[in-house]
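Student: Supplied in structure tokens, the structure appears directly below.
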Amino acid sequence: MNDIITLTEAAAFQIKDMMKENEEEGAYLRIGVKGGGCSGLSYGMGFDHERHEDDHEFEQYGIKILIDKESAPILKGTVIDYKQSLMGGGFTINNPNAIATCGCGSSFRTATNAGTPEEC
């Protein structure tokens, strides 16, 4: 399977910095989707030291990325960027499969997966 998501160079630099700060060099970056949020699904991103049997694994900018089997089709084609502004910085997630998102930008749903919407 091709890379499911694309990290921009800015996002990769930021993730590497965070790995260094948290002494997580050599860890995997796990990206996934879980039920919840006001639109039904929300993104999860964090460091992991364990690769599960059904994980998709690939590498970008020297960062080993893991995505679980259930999240892979929902995340296909997603671009993760990092934007710096006067108010600080933050990751932006552009998912072509999302048909509805909420104002917070971290919750969404797709045509085939409504997730489990919660009150905002």
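Student: Are any residues in segment 70-85 outside any strand (DSSP E or B) and either modelled with pLDDT under 85 or of a type in the set (G, A, S) (or both), and if so, which ones?
Tutor: Step one: list which residues in segment 70-85 are outside any strand (DSSP E or B), which gives 70-77.
S71, A72, G77, listed by residue number.
Student: Taking the condition of a type in the set (S, T, Y), closer than 29 Å to N113 by Cα and without any contact (Cβ under 8 Å) to a residue 60 or more places away in the chain, does T78 pass?
Tutor: Working: of a type in the set (S, T, Y): yes; closer than 29 Å to N113 by Cα: yes; without any contact (Cβ under 8 Å) to a residue 60 or more places away in the chain: no.
No, not satisfied.
Student: Then there is this: Any chance you could count how many residues in segment 4-55 are surrounded by fewer than 17 Cβ atoms within 10 Å (Cβ to Cβ), within 21 Å of N95 (Cβ to Cβ) and touching a His at 6+ places or on another chain (Cβ under 9 Å)?
Tutor: Total satisfying the criteria: 0.
The values are calculated or read from the model by the stated rules, or taken from the named source; none is laboratory data. The structure displayed is predicted, hence computed values, not measured ones. Backbone-built Cβ (ideal geometry, glycine too); neighbour counts: all protein chains shown.
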